[in-house]
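Computed from the coordinates by the stated procedures, all read-outs in this text should not be read as laboratory data. Bear in mind the structure is a predicted one, so any value in this text is a computation, not a measurement. Here the Cβ positions follow ideal geometry from the backbone for every residue, glycine too, while neighbour counts run over all protein chains shown.
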Amino acid sequence: MSGVLLLVVPAVALLAVIAGAVVLVVTARRAAPLVRARAQAIAELCTRRGLVANPAPSDFAILGPIDHRWFTNSFSSPDHAVAIADFTRPAGKHTQFFSVLAFTVAGVNVPFVAVTRRDLLGVVLGGPPEVELESIDFDNHFTVKAKDRRAAVMLLDPGVMQLLLDCDDVNFDMVGDKVLAFVNRATQPAHQPTEPVEFEVLFRFMDGLTTRVPTILRTEYAAAP
């Protein structure tokens, strides 16, 4: 009897592995048209903004040394001042899915500031001290960490705070004149393939921030000539 059991158990395990593989193949085949449609919609959106495919590796230097194979749907401006992409990052037994946008805010040199949605605290840990602002609504939605509290308060004036509340899903890091804005996509694909909302909201945030940077920040934390 024990010999029969020894034969049955491996057979059951083998069937489970085969069934799991079949599910993965079927899921991938069903998702493929959605992924292609989303990629096409992203390409059209980026082309309208004058961006071109396959940015230089240095365009996302603010992320640090990473495997550039983790990027898909990548585009940048010809002068490399703006770069956007989907970013897939292995995280232990899980995989994290982001859309990221790197851009420059000319004329400033801001000490490191990180503004993160509170529901992302499991993803973004550590860093400089936390800064509380005077807006209860904003503090309920976002965590702010900064090396220089004064710079963070100047940057996050009422106009910029409202921009972040309006964009909702956007988080960002800023150091010097470089900004990395990102949206947690959670799954792939998670949104309507013809509506690349993550890229749209990231562009909306960039447009808003570059026009709303407080004048006092540009004065107090101006870039060196």
Report summary line: So Asp139 and Arg212, fully extended at 0.36 nm per residue minus their Cα-Cα distance, gain in nm 24.3 nm
Report summary line: One finds, for Ala56 and Thr95 with R0 = 30 angstrom and r their Cβ-Cβ distance, a FRET efficiency to the nearest 0.05 of 0.75
Report summary line: Summed over the other residues with a beta carbon less than 15 angstrom from that of His80, with K and R at +1 and D and E at -1, the charge totals -1
Query - Residues Ala43 and Arg150, FRET efficiency given R0 of 45 Å [Cβ-Cβ distance, rounded to 0.05] - result: 0.60
Report summary line: In the neighbourhood of Pro90 defined by beta carbon distances under 13 Å, the net charge of the other residues (Lys, Arg +1; Asp, Glu -1) is +2
